[in-house]
Amino acid sequence: MAVTREITPAQLADIEKFEQQLALYLAGELEEDVFRVFRLNNGIYGQRQGGHNQMVRVKIPYGSLNPDQLEMLAHVADTYSRGWGHITTRQNIQFHFVMLEMVPAVLRDLASVGLTTREACGDTVRNVTGCHLAGACPFEVLDISPWADATFQHFLRSPIAQRLPRKFKINFSGCATDCGQAMFNDVGVVAVARPRDDGTLEPGFRVFIAGGLGANPHPAQALEEFTSREDLLPTIESVLRVFYRAGNRDNKLRARMKWLVDTVGIDELRARILKERRFLRASATWPGPGVPDVVAEQGDAPAGVSTSVEATPVGTPVTLRLPSESRNTFAGWETANVVRGAAKGTVSAYAFCRLGDITSAQFRGLAQIQRDLGAELRVTNRQNIVFRGLGEEQLSDLHLRLTALGMAEPGAELARDVVACPGADTCNLAVTQSRGLADEIGRALEEAGLAEVGGVRINISGCTNSCGQHHISDIGFFGAERRAHGVSAPGYQMLLGGHVGQAQIEFGQKALRLPAKNVPKAVVAVVERFVGEREAGETFTAWLARAGGSKAVGATLAELDHFPAPEEAPDFYVDYGETGPYAAVTGASECAT
């Protein structure tokens with residue numbers, strides 16, 4: 001069991017209020033709609049199973065976890081959930097099938113190790129995410145870890161961060177590679193440097209605003225060329241204040257900050273934010289001059305700059321295919337999963353979490369590894385774990401221990417690492433079993449010998465809302481009901497060419513629609529063609545353009561957009577993981593509540 005600490009007064013107040021509101025709700029003295037808003041603002045989300053089944057979303061700011069917290073997550077998984085947790089694309093940990101009546105106990109257990117669910121859902125400032133290699137990346141300008149921490153602390157329980165027009169997402173990247181994915185957030189912060197008059201470089205930030213995915217993705221746009229370290233937190237608060245006042249409170253479907261670009265224009269939006277920042281000093285919540293205390297205490301010096309091949313971080317657009325004799329060996333794992341820094345001499349290594357899932361035994365195993373090796377640990381936005389601050393001499397031991405946990409596959413964050421939302425397993429909006437499809441794609445790539453191909457990211461959402469971030473992956477899919485031979489069947493829309501990096505974003509373009517059962521074949525065909533046709537160092541995006549674009553590549557797969565008659569192939573009419581005929585059943589969305 002994890003070592004616990006005294007629960008803070010703020011956390012205790014949150015828990016006691018939840019207990020009070022829950023008692024009123026169960027007694028029929030609090031309206032369903034009112035309790036739903038309260039519940040969501042405390043990170044508790046309903047499931048499609050209905051009743052008192054709940055999803056508990058735990059905030060993991062910038063993905064950082066310690067051993068006590070990992071052991072507590074194992075305890076929560078075993079005691080209140082189904083024996084495992086799920087990493088989200090925003091570095092949260094989710095637990096499903098938690099009974100509503102047990103939520104206060106869960107909150108107390110989490111609080112005892114410094115974790116919270118407060119504002120993990122609802123119209124609030126959500127989990128503050130950040131590059132999982134921050135402080136260990138060979139390309140970063142600044143270590144954004146303390147900046148993400150300061151931002152999380154500043155807005156947690158802040159009066160201006162409650163009852164927003166819609167959810168508000170903030171993230172950080174330490175360099176233009178943008179592993180933190182700044183370009184589709186309400187506020188995306190990228191560390192940059194500008195020359196001073198004396199010829200030295202001043203580290204600071206470029207702030208991007210009003211990005212978002214969902215059914216109508218919008219690219220984030222730069223607020224100004226350079227934001228100083230002293231101005232960063234006031235700038236983020238100013239963006240939030242403008243959104244609080246100007247966001248659409250009448251139509252939830254057009255309430256995200258991205259829609260303000262359409263309604264007032266980007267120039268007007270920038271002007272309002274900069275005016276807000278100018279007068280923020282008069283506010284009671286002004287964070288004060290200088291850098292935040294957390295940053296001053298922890299420091300934000302970068303890991304160092306390197307241009308060597310071995311220092312290339314996993315997640316940058318490189319291509320790699322391990323020789324067959326290297327697979328499932330230490331050499332193969334080291335080639336695919338280890339990242340080396342420069343100035344700080346940092347060594348980092350990925351642990352693979354299939355479908356983003358971690359069992360309670362794995363949580364405990366990871367905690368023990370972290371203690372024994374004295375390493376840092378973070379969850380990634382591609383649903384894996386990365387150990388940081390390692391020594392070269394520790395890598396072989398780490399590989400052995402991850403192998404014992406079933407987490408040592410080479411190629412975490414490469415082709416085999418298919419990202420998926422929870423899908424119709426638990427989500428009210430999903431129309432397809434995205435998790436089952438992700439598993440099947442991974443299996444198909446393994447069988448084709450393509451699992452360790454680099455530079456190809458595959459993402460799946462069970463509906464159009466892009467919780468699986470299908471818009472920004474090289475190969476993306478979103479679920480859709482199809483009709484064939486007069487019968488409903490699970491299907492997907494394939495998108496190709498999504499990309500984030502270098503302060504740019506491209507959303508994937510539609511290629512073709514497919515029966516769910518033919519999606520793995522289509523993925524194998526595209527990846528195989530990419531491997532066969534690519535030029536040295538060529539990215540998927542560049543290859544796709546040279547191949548004629550998404551429509552042209554999709555046209556070569558047209559024969560896969562075919563449904564056999566139900567009596568010929570009944571499995572085409574049953575979704576992955578299901579036993580009965582497919583039905584596109586959806587419920588009321590708490591996402592838009």
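The values are calculated or read from the model by the stated rules, or taken from the named source; none is laboratory data. Everything numeric in this text was worked out from a predicted model, so none of it was measured. Neighbour counts are summed over all protein chains in view; Cβ atoms, including those assigned to glycine, are modelled from backbone coordinates with ideal geometry.
What the table below lists for this structure:
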quantity	calculated
Subset tally (residues that are in contact (Cβ under 8 Å) with a residue 60 or more places away in the chain, under 15 Å from residue 555 (Cα atoms) and of a type outside the set (A, V, I, L, M)) for the range 511-527	1
From the options 176, 222, 210, 161, residue that is surrounded by fewer than 22 Cβ atoms within 10 Å (Cβ to Cβ), of a type in the set (Gly, Ala, Ser) and in contact with a Leu (Cβ under 9 Å, 6 or more places away or on another chain)	161
Matching option when the condition is in the same structural domain as residue 501 (by TED's automatic domain parsing), out of contact with any Asp or Glu (no Cβ under 7 Å at 6 or more places or on another chain), among the aliphatic types (A, V, I, L, M) and assigned to a loop (DSSP other than H, G, I, E, B), among 583, 565	565
Condition met for residue 188 (over 16 Å from the mean Cα position of the chain (by Cα), closer than 17 Å to residue 62 by Cβ and outside any helix (DSSP H, G or I))	no
Residue satisfying all of: in the range 353-393; over 18 Å from residue 68 (Cα atoms) and touching a Phe, Trp or Tyr at 6+ places or on another chain (Cβ under 9 Å); surrounded by the most Cβ atoms within 10 Å (Cβ to Cβ) among these	380
Pick from the range 347-391, criterion assigned to a strand (DSSP E or B) and of a type in the set (Asp, Glu), ranking: farthest from residue 90 (Cα to Cα)	376
The range 76-131, subset in contact with a Ser or Thr (Cβ under 6 Å, 6 or more places away or on another chain) and assigned to a helix (DSSP H, G or I), residue surrounded by the fewest Cβ atoms within 10 Å (Cβ to Cβ)	78
Odd one out for residue 571, checked against (1) over 30 Å from residue 502 (Cα atoms); (2) surrounded by 15 or more Cβ atoms within 10 Å (Cβ to Cβ)	(2)
Subset of the range 50-75 [part of a strand (DSSP E or B) and of a type in the set (A, V, I, L, M)]	55, 56, 58, 65
Positions within the range 40-58 being among the basic types (Lys, Arg) and surrounded by fewer than 22 Cβ atoms within 10 Å (Cβ to Cβ), in sequence order	48
Residue list for the range 528-556, filter: without any contact (Cβ under 8 Å) to a residue 60 or more places away in the chain, part of a loop (DSSP other than H, G, I, E, B) and not β-branched (Val, Ile, Thr)	535, 536, 547, 548, 549
When residues of the range 424-437 are limited to those that are outside any loop (DSSP other than H, G, I, E, B) and touching a Phe, Trp or Tyr at 6+ places or on another chain (Cβ under 9 Å), the one nearest to residue 353 (Cα to Cα)	435
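To keep it simple, each residue is scored yes or no on (1) crowded, with 24+ Cβ neighbours inside 10 Å; (2) in contact with a Ser or Thr (Cβ under 6 Å, 6 or more places away or on another chain).
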position	(1), (2)
470	yes, yes
484	no, no
491	yes, no
503	no, no
508	yes, no
522	yes, no
